[in-house]
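Participant: Once you've had a glance at the structure underneath, I'll fire off some questions.
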Amino acid sequence: MQSDTDAPLLMATEMALAHNIMISGLNSIYVQGPNVTAPKDVKAFLFYCKAWTMLVEHHHDTEEQLVFPKVEAVCPKLDIAKHKQQHGGFVGGVQDFQSYVTITTQEDYKWDDMKNLLDSFAPAMVEHLKDEIGTFLNLKDCDNFALLEADVILPFALGNADKTFENGAHEFPPLPFFIPYLVEYVDAIDDIEDVQGISLYD
């Protein structure tokens with residue numbers, strides 16, 4: 001059985017793996033960008049870059065809307081505010097980069113222009129991705145981590161699971177069939193309680 005001290009390490013590890021995907025994607029853009037010249041390759045590369053920005057935006061939106069508020073509520077001793085501030089230091093740059101790769105044509109693509117956009121936010125973003133892991137490791141000091149695990153980690157995993165991959169052939173995460181419906185039900189109850197200021201569990 002997983003102990004409360006193991007769970008923060010697991011959560012930090014999962015977050016590190018997600019961050020590594022984003023950093024690897026960023027590195028690949030830096031490596032391949034100068035070498036892309038053929039029009040058909042430029043078109044594919046711009047689409048690849050846009051897909052990367054969508055991944056980054058989805059990850060950070062999920063943190064802002066789900067993970068950070070729950071962590072702050074359950075573990076107020078952790079300094080989550082600094083990570084929100086860090087988001088502000090690079091999210092605009094990611095959006096500018098996304099706009100560039102969306103509207104730029106194959107004929108107008110220039111690596112120097114793309115690199116300037118990347119350089120405007122990449123260092124701050126990578127620093128944030130590294131820094132955030134230490135905060136999640138410090139969840140071991142949270143007295144109510146069990147509540148956080150039930151209220152954040154499971155919904156986070158279910159919400160990010162791609163059920164469309166290979167036409168839904170993979171049952172991941174491996175859970176009893178009713179669990180996703182139960183999580184949605186509990187989330188709906190929480191929303192009602194937040195709006196009406198009552199507890200439906202009492």
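The values are calculated or read from the model by the stated rules, or taken from the named source; none is laboratory data. All figures in this text were calculated on a predicted structure; none of them were measured in a lab. Cβ: placed from backbone, ideal geometry, glycine included. Neighbour counts: every protein chain shown.
Participant: Taking the condition of being of a type in the set (A, V, I, L, M), more than 20 Å from the chain's Cα centre (by Cα) and either at pLDDT 90 or above or closer than 18 Å to Ala18 by Cβ (or both), how many residues in segment 114-151 meet it?
Facilitator: 2
Participant: Go through segment 73-110 and give me each residue that's over 21 Å from Glu57 (Cα atoms) and charged (D, E, K, R).
Facilitator: Lys77, Asp79, Glu107, Asp108, Lys110, listed by residue number.
Participant: Also, I was wondering about something else. When you go through (1) free of Cβ contacts under 8 Å to residues at least 12 places away in the same chain; (2) part of a helix (DSSP H, G or I); (3) not polar (S, T, N, Q) one by one for Pro76, which number turns out not to apply?
Facilitator: All conditions pass for Pro76, except number (2).
Participant: Shifting gears a bit: Can you tell me which condition Trp111 does not meet? The list is (1) touching a Pro at 6+ places or on another chain (Cβ under 8 Å); (2) of a type outside the set (A, V, I, L, M); (3) farther than 21 Å from Leu26 by Cβ, and all the others hold.
Facilitator: With (1) touching a Pro at 6+ places or on another chain (Cβ under 8 Å); (2) of a type outside the set (A, V, I, L, M); (3) farther than 21 Å from Leu26 by Cβ applied to Trp111, the lone miss is (3).
Participant: Is at least one residue of segment 47-55 assigned by TED's automatic domain parsing to the domain that holds Lys115 and modelled with pLDDT under 75?
Facilitator: No: zero hits.
Residues checked against (1) in contact with a Gly (Cβ under 8 Å, 6 or more places away or on another chain); (2) more than 28 Å from Lys140 (Cβ to Cβ); (3) part of a helix (DSSP H, G or I):
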site	(1), (2), (3)
Gln32	no, yes, yes
Leu55	yes, yes, yes
Glu64	no, no, yes
Lys84	no, no, yes
Val101	no, yes, yes
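Participant: Taking Thr37 and the conditions (1) modelled with pLDDT under 90; (2) part of a loop (DSSP other than H, G, I, E, B), which numbered condition does it fall short on, given that it satisfies the others?
Facilitator: Checking Thr37 against (1) modelled with pLDDT under 90; (2) part of a loop (DSSP other than H, G, I, E, B), the one that fails is (1).
Participant: Of all residues in segment 31-82, which are β-branched (Val, Ile, Thr) and surrounded by 12 or more Cβ atoms within 10 Å (Cβ to Cβ)?
Facilitator: Listed by number, the residues that qualify are Val36, Val42, Thr53, Val56, Thr62, Val67, Val71, Val74, Ile80.
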